[in-house]
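> Please read through the structure below; I'll follow up with questions.
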Amino acid sequence: MKVLSRQARLPHEAPIEARGLVKRYRDVPAVDGVDLTVQPGDIYGFLGPNGAGKTTTLRMFLGLVRPDAGSVRLFGREAAKDGIGALQGVAGFIEEPRLYPYLNGRENLQLLAAFDRGGQGEAAIDEVLEMVELRDRGGDRVSEYSQGMRQRLGIASCLVRQPRLLLLDEPANGVDPAGLRYMRELLGRLSDEGITILLSSHLLAEVQQVCTRVAMISRGRIVYEGGMDELTRAAGRRYRLEAADIDRAARVCRSLPTVDDVRSDHGELSFRVDDDDGLEALVAALVDARVGIRALIPETDSLERLFFELTDEPVAVTA
Amino acid sequence: MIGGALIAYRWELRKLIAQKRNWLGIAAASLIPVIFLISIQISKVTIHPPDGPYDTPLGLNLRQTGLALDLVVFKLIGVIGPTLIAALVAGDIVAGEDMGGTLKTILVRSVRRGEVLAGKALALLTYLVVALVVYAVAGVLVGVIAWGFHPLINLSGHQISALHALGLTVVALALYALPVVAIASFGLLLSVVTRHSVAAIAGTLLYALALQGLSALSPIASVHPYLLINQLTAWHDLFQTPMAGDAIVRCLWVSAAFALPPLVAAWVVFTRRDVTT
Ligand SMILES: Nc1ncnc2c1ncn2[C@@H]1O[C@H](COP(=O)(O)OP(=O)(O)O)[C@@H](O)[C@H]1O
Ligand SMILES: [Mg+2]
């Protein structure tokens, strides 16, 4: 007879469960009824243009700001009832991480480890400094750090808490391309270790590359919530075709049911297909019709266009 | 509750020490008696008839015994001296973290807001005590070096031994600290409420000046003994023969009455407010 492990019998508690969150500043809602559920293991993208209410939502998650209505539970605990205890196993930062500039990196981590009351010793601090590649700069004052180093120390300050849930507000802001690549790798590694991650961003590409689920927020309201691949599918995929006979190519495209939204201008053809099968069928049809294909180029901005449509922002002209 | 407050207190002290700015107050506290001693040494004011510093309580002891220096300088630095030192640290202790953004960093760990504030209040108290002790030690040292360790003529005209006067000076220092702590607690409240260091520091100075203004208003002369500023001279009772006790007891409760409401208000605001910087 199998005995359920203790773990398995524990009621399932979502890392984040927000219901009807509202926050107004001078009667203007910054967050206007946000519902959000993050499941264990998610790398959850919280996407929205500047001013949409991402930071305010995260402040409420972390108990820095009191909601005017609604509730947040982190692993089943509520800040209103459990106070600071609601943040057990939770770490994160709001906007850019802020540490004491007149203390060195190591002292900052020592301070925060002491404030965590978890008994993490010097070994844990060495380990996280190593992890964020600041081991040999730990003795320097934070005022001497570059922005990228501060960002990494900010991540270290979260990791020293040994969190099960990590909340990062625009972690990509002000980080150079090498830093971004490093950040992506690190998030992947942390996720592999079982840490649930929520990160906010105003950059679709950022979220697209790392996240498994996504919520889009606009003017304080959630306008989309779902898996990243569903979203990609919903956006469809756009391609650009360069061909010798563009008119014939356009006729072929319009004749196929799997190809939508065909546009042609300046001797270039662009259209949408929903999946790989549709694309293969199109290429076969083009070959059958003896259209000389010179280039078939996937466009990356279709998701972006959907993002702008959903968030009600004017469509930016992407380069 | 105690554990978290102690963690916050310990780190609050380390932060105070790490910021060079805070050493200014300590440096000023040690230099003030030295500067006054030098200026008395080189000045032309006369002891007969008593003029300038000689015309203050215990002023006639200047140049006669080093023990007089600290006590006379208390009068000369007035309300602004101690208020400046208290305000600079108290006004910044919360607002500085608000403006620097570190408040949001420490408030999402495992120490409660009330504990953070308690740690800050204790660190502020420690700083003030250290500044006063530095002042007293510097004053006694340079005073005794310049003028010797001699008996003191008290306010009633009686001579008291040097050792006795030294002991009374220690008690006088403790009494003097009480209204200063009360002013600092108001600075702490402003630091919490204004979220801006400069505003809180300026506000604390204005508060002390306003209290001083009140103590100069003759229509309310009957309440003067109960004004905070007047507690700065409560220690005079120690240097009377026979020693009076009323002013000392009043200093205890009046200082507490001025210190506690701002502390409670600071706690109420700090534990409830949104952190949005
Ligand atoms: N402390 C505040 N006081 C007044 N308005 C605020 C405050 N914080 C945010 N807001 C407003 O709330 C809205 C949402 O802001 P924010 O949560 O920072 O958005 P995001 O992080 O998505 O850029 C904005 O319109 C912003 O101007
Ligand atoms: Mg933001």
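The values are calculated or read from the model by the stated rules, or taken from the named source; none is laboratory data. Note that the structure is predicted; figures quoted are calculated from it, not measured. Glycine gets a Cβ as well: all are built from the backbone with ideal geometry, and neighbour counts include every protein chain shown. Remember, those area values only see protein heavy atoms, side chains included, never the ligands or the DNA or RNA. Shrake-Rupley method; radii C 1.70, N 1.55, O 1.52, S 1.80 Å.
> Criterion first (within 16 Å of ligand 1 (Cβ to nearest atom) and within 13 Å of chain B (Cβ to nearest Cβ)) does A:Gly92 satisfy it?
Considered against the rule, which asks whether it is within 16 Å of ligand 1 (Cβ to nearest atom) and within 13 Å of chain B (Cβ to nearest Cβ), A:Gly92 comes out as yes.
> Which residues, taken from segment B:214-242, are at pLDDT 90 or above, open to solvent by 20 Å² or more (accessible area, probe 1.4 Å) and either touching a His at 6+ places or on another chain (Cβ under 8 Å) or under 11 Å from B:Val79 (Cα atoms) (or both)?
Answer for segment B:214-242, where residues must be at pLDDT 90 or above, open to solvent by 20 Å² or more (accessible area, probe 1.4 Å) and either touching a His at 6+ places or on another chain (Cβ under 8 Å) or under 11 Å from B:Val79 (Cα atoms) (or both): B:Asn230, B:Thr233, B:Thr241.
> Taking segment A:39-52 as the search range and keeping residues that are near ligand 1 (Cβ under 8 Å from one of its atoms) and buried (at least 24 other Cβ atoms within 10 Å of the Cβ), which one is nearest to A:Leu306 (Cα to Cα)?
Applying the filter and picking the extreme gives A:Gly48.
> Among what's in segment A:95-144 and is closer than 17 Å to B:Ile17 by Cα and without any contact (Cβ under 8 Å) to a residue 12 or more places away in the chain, pick the residue that is nearest to ligand 1 (Cβ to nearest atom).
This residue is A:Leu111.
> In segment A:145-187, what count of residues is obtained for those that are more than 14 Å from chain B (Cβ to nearest Cβ), touching a strand residue (DSSP E or B) at 6+ places or on another chain (Cβ under 8 Å) and away from ligand 1 (no atom under 16 Å from the Cβ)?
Adding up the residues that qualify gives 2.
> In the list A:Leu64, A:Leu74, A:Leu58, which residue meets the criterion of being buried (at least 22 other Cβ atoms within 10 Å of the Cβ), within 13 Å of ligand 1 (Cβ to nearest atom) and assigned by TED's automatic domain parsing to the domain that holds A:Val207? Give the derivation first.
Values: A:Leu64 fails: buried (at least 22 other Cβ atoms within 10 Å of the Cβ); A:Leu74 fails: within 13 Å of ligand 1 (Cβ to nearest atom).
None of the others qualify; the one that does is A:Leu58.
> Give B:Gly66, B:Gly25 a once-over and let me know the one that is away from every other protein chain (no Cβ under 14 Å), part of a loop (DSSP other than H, G, I, E, B), open to solvent by less than 60 Å² (accessible area, probe 1.4 Å) and touching a helix residue (DSSP H, G or I) at 6+ places or on another chain (Cβ under 6 Å).
Values: B:Gly25 fails: part of a loop (DSSP other than H, G, I, E, B).
Sole residue among the options that is away from every other protein chain (no Cβ under 14 Å), part of a loop (DSSP other than H, G, I, E, B), open to solvent by less than 60 Å² (accessible area, probe 1.4 Å) and touching a helix residue (DSSP H, G or I) at 6+ places or on another chain (Cβ under 6 Å): B:Gly66.
> Then there's this: Open to solvent by 50 Å² or more (accessible area, probe 1.4 Å) and facing another protein chain (nearest Cβ under 9 Å), is that true of A:Arg98?
Taking the combined requirement at face value, the residue satisfies it.
> Among the candidates A:Ser218, A:Ser191, single out the residue that is over 30 Å from A:Val291 (Cα atoms), within 16 Å of ligand 1 (Cβ to nearest atom) and at pLDDT 90 or above. I'd like the intermediate steps shown before the answer.
On the way: A:Ser191 fails: within 16 Å of ligand 1 (Cβ to nearest atom).
Going through A:Ser218, A:Ser191 in turn, just one is over 30 Å from A:Val291 (Cα atoms), within 16 Å of ligand 1 (Cβ to nearest atom) and at pLDDT 90 or above: A:Ser218.
> Something else: Looking only at segment A:189-210, which residues are hydrophobic (A, V, I, L, M, F, W, C) and more than 16 Å from A:Glu170 (Cα to Cα)?
Residues satisfying the conditions are A:Leu190, A:Ile195.
> Can you find a residue that is within 13 Å of chain B (Cβ to nearest Cβ) and within 16 Å of ligand 2 (Cβ to nearest atom) anywhere in segment A:75-88?
no
> Can you name the condition, by its number, that B:Val108 falls short on among (1) aliphatic (A, V, I, L, M); (2) touching a residue at least 60 places away in the same chain (Cβ under 8 Å); (3) not in a helix (DSSP H, G or I)?
(2)
> Further question: Within segment B:28-52, restricting attention to residues that are more than 21 Å from the chain's Cα centre (by Cα) and of a type in the set (A, V, I, L, M), which residue is farthest from the other protein chains (Cβ to nearest Cβ)?
The extreme case among them is B:Ile47.
> Can you report the number of residues in segment A:24-71 which are of a type in the set (D, E, K, R), more than 16 Å from ligand 2 (Cβ to nearest atom) and within 14 Å of another protein chain (Cβ to nearest Cβ)?
4
> Can you confirm whether segment B:78-92 contains a residue that is within 14 Å of chain A (Cβ to nearest Cβ), touching an Asp or Glu at 6+ places or on another chain (Cβ under 9 Å) and farther than 24 Å from B:Ile35 by Cβ?
no
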